[in-house]
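To keep things clear, I will list the structure first and then write my remarks on it.
The values are calculated or read from the model by the stated rules, or taken from the named source; none is laboratory data. The structure presented is a predicted model; accordingly, all values stated were derived computationally and were not measured. Virtual Cβ from ideal backbone geometry, glycine too; neighbours counted across all protein chains shown. Accessible surface is based on the protein model in full, side chains and every heavy atom, while ligands, DNA and RNA are left aside. Shrake-Rupley method; radii C 1.70, N 1.55, O 1.52, S 1.80 Å.
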Amino acid sequence: MSDSTLPALPTSDRPDVAVGLREALLRASFTADGLLELLGAPAYAALARSETVPALRATRGDAPLEALVRLFLLQQPVPYARVADVLPVDACLESGWLVRVGGASGDDVSATVDVRPYGGPGGEDWFIVSDLGCAVGGAGGIGSKDEGVVLGVGGASTTLAGITVRTPVASALDLGTGSGIQALHASQHATRVTATDLNPRALHITALTLALSGAATADLREGSLFEPLKNGETYDLIVSNPPFVISPGARLTYRDGGMGGDDLCRSIVQGAGERLNEGGFAQFLANWQHVEGEDWQDRLRSWVPRGCDAWIVQREVQDITQYAELWLRDAGDHRGDAAEYQARYDAWLDEFEARKVKAVGFGWITLRKASAAVPSITVEEWPHPVEQPLGDTVRAHFARLDYLRARDDAALLEDHFRLVAEVVQEQVGLPGAEDPEHVVLRQHRGMRRATQVDTVGAGFAGVCDGTLSAGRILDAIAQLMGEDPVLLRDRTPAQIRLLVEQGFLEPAR
Ligand SMILES: C[S@@+](CC[C@H](N)C(=O)[O-])C[C@H]1O[C@@H](n2cnc3c(N)ncnc32)[C@H](O)[C@@H]1O
């Protein structure tokens with residue numbers, strides 16, 4: 001890693017100062033709710049987009065919370081005396097959370113790191129520490145071009161946190177921990193958390209995030225991918241929001257994996273198989289190439305390690321120009337020299353051309369170690385809005401796979417099913433037409449799926465309240481429709497399987 005221009009970090013060897021700082025921050029309502037109340041929804045939302053002007057306007061007063069927002073979120077110097085009213089200022093100066101502006105005798109102090117209140121899923125008041133400037137770039141992109149800059153919470157971070165299965169486990173691994181947000185979440189339901197990163201600065205920041213959030217410390221290990229793990233070391237849960245950007249060269253450690261194309265994501269997915277305990281989940285965000293003449297779904301299927309079931313959801317696809325522009329903007333390159341911007345853009349397209357890449361997919365990959373005789377691998381496209389958190393939905397997806405795998409069609413027809421709560425039926429057709437052209441079942445929770453069903457499927461789902469077996473329901477439908485019940489029993493299980501697999505129906509017992 002090249003020489004850093006980033007400021008020195010607070011020491012992580014003073015847990016007492018972290019405790020004192022945490023208490024002071026909470027006393028001043030420096031929390032997600034407190035900020036929302038102080039700033040108001042628009043300024044609060046603007047801050048989440050890294051835009052600071054509305055928050056600067058909302059913190060012109062002299063309340064303690066306003067001083068903290070200016071100090072830790074807006075990178076503003078604040079008079080020592082004002083800070084002293086709110087924080088253990090001398091301890092914070094000594095341990096490096098704050099520095100004097102303009103040397104030892106300066107009247108103002110400023111923060112060395114960004115500290116952002118973050119509400120945990122159980123109402124916990126957490127704080128995410130990250131490098132200054134990387135969360136306040138606004139339209140200009142991130143504020144630092146230092147290779148080792150450590151970012152705070154972004155959309156990808158919260159997406160991964162939301163889809164992660166949160167059952168209590170003995171051990172969890174957060175690969176590429178960055179600010180420590182995934183490790184922090186894992187600390188709530190894993191007895192032992194290991195957090196790794198190639199960037200030692202990220203590990204230092206993770207220690208600060210955990211300490212300031214009042215969470216248990218994690219086992220912090222420096223190194224690339226699975227290298228920091230011992231031989232045979234396995235986990236119940238592995239999560240990674242890796243540096244998934246497919247770029248012509250490694251520039252920013254937080255996003256550019258430094259391997260060619262989508263090799264870094266593939267390596268993580270493939271490597272996770274032997275690092276998982278039986279029944280364990282590995283969950284990743286990833287980018288993948290859409291290569292000319294290749295089915296993208298086949299590409300992803302080939303990544304799934306032996307002994308694992310997989311559920312892969314493509315959430316978005318961008319053509320190569322959109323993709324290059326997105327990441328050039330992310331680095332703030334569009335604000336720099338025009339010729340340099342063009343050269344970088346060109347290099348990006350050269351790289352894609354050489355690899356015959358037409359587009360890039362973005363999505364979620366979940367593996368579950370199951371060692372089934374025939375693994376189940378689902379690769380699908382679902383770009384529509386979902387309801388986060390989806391951890392339970394992910395867990396239930398694999399439970400339903402186990403259920404379906406254990407039953408042949410005869411056994412399925414013996415079983416009883418219930419329509420999942422908040423599933424509705426929509427009929428689509430021309431106004432005034434007697435019969436709908438399509439009947440669609442739609443979920444209002446979780447993945448918010450919609451699926452087209454035929455008259456039998458719709459009738460079947462409508463009757464499923466757990467009372468009658470599937471076979472008995474089909475017999476009744478056959479009688480009503482004047483169909484042969486044997487034929488109906490023969491052709492309907494595939495549709496029932498799909499409705500169960502996609503979470504419209506659940507086994508009633
Ligand atoms: C996109 S950030 C994710 C940070 C955080 N886990 C989150 O969810 O917000 C990716 C992290 O992976 C780290 N990283 C980059 N290359 C790596 C590698 N080869 N092995 C392990 N970590 C790596 C980066 O330093 C960065 O902290």
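When THR209 is tested against (1) under 19 Å from LEU132 (Cα atoms); (2) free of Cβ contacts under 8 Å to residues at least 60 places away in the same chain; (3) more than 6 Å from the ligand (Cβ to nearest atom), just one condition goes unmet, and that condition is (2).
Give the residue that is surrounded by the most Cβ atoms within 10 Å (Cβ to Cβ), with candidates limited to residues of segment 43-52 that are free of Cβ contacts under 8 Å to residues at least 24 places away in the same chain and in contact with a helix residue (DSSP H, G or I) (Cβ under 8 Å, 6 or more places away or on another chain). The residue in question is ALA43.
Residues that are farther than 30 Å from VAL239 by Cβ and modelled with pLDDT of 95 or more: which helices (runs of 4 or more DSSP H) entirely in segment 50-169 hold 2 or more of them? Please lay out each step first, then the result.
Values: elements: 53-58, 64-68, 80-84, 89-94, 155-163.
Hits in segment 50-169: 53-58, 64-68, 80-84, 89-94.
Listed conditions (1) more than 10 Å from PHE417 (Cα to Cα); (2) part of a helix (DSSP H, G or I) are all met by ILE496, apart from (1).
The conditions are (1) surrounded by fewer than 24 Cβ atoms within 10 Å (Cβ to Cβ); (2) within 19 Å of the chain's Cα centre (by Cα), and THR234 fails exactly one of them. Which is it? In the conditions (1) surrounded by fewer than 24 Cβ atoms within 10 Å (Cβ to Cβ); (2) within 19 Å of the chain's Cα centre (by Cα), THR234 misses (2) alone.
One line per residue, one yes/no per condition, for (1) among the small types (Gly, Ala, Ser); (2) without any contact (Cβ under 8 Å) to a residue 24 or more places away in the chain:
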site: PRO64; (1), (2): no, no
site: VAL89; (1), (2): no, yes
site: LEU93; (1), (2): no, yes
site: LEU98; (1), (2): no, no
site: ASP107; (1), (2): no, no
site: ASP114; (1), (2): no, no
site: GLY120; (1), (2): yes, no
site: GLY123; (1), (2): yes, yes
site: PHE127; (1), (2): no, no
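Of ILE365, ILE312, all but one fail to be in contact with a Leu (Cβ under 6 Å, 6 or more places away or on another chain) and either of a type in the set (Asp, Glu) or open to solvent by less than 10 Å² (accessible area, probe 1.4 Å) (or both); the exception is ILE312.
So which residues in segment 180-199 are touching a residue at least 40 places away in the same chain (Cβ under 8 Å) and either surrounded by fewer than 24 Cβ atoms within 10 Å (Cβ to Cβ) or assigned to a helix (DSSP H, G or I) (or both), if there are any at all? Walk me through how you get there before you give the answer.
The initial filter retains those residues of segment 180-199 that are touching a residue at least 40 places away in the same chain (Cβ under 8 Å), namely 180-182, 184-186, 188, 190, 194, 198-199.
Of everything in segment 180-199, those that are touching a residue at least 40 places away in the same chain (Cβ under 8 Å) and either surrounded by fewer than 24 Cβ atoms within 10 Å (Cβ to Cβ) or assigned to a helix (DSSP H, G or I) (or both) turn out to be ILE181, GLN182, LEU184, HIS185, ALA186, GLN188, THR194, LEU198, ASN199.
From the list VAL394, VAL386, VAL439, the lone residue that is open to solvent by less than 70 Å² (accessible area, probe 1.4 Å), in the same structural domain as ARG275 (by TED's automatic domain parsing), farther than 26 Å from GLY307 by Cβ and out of contact with any Leu (no Cβ under 7 Å at 6 or more places or on another chain) is VAL386.
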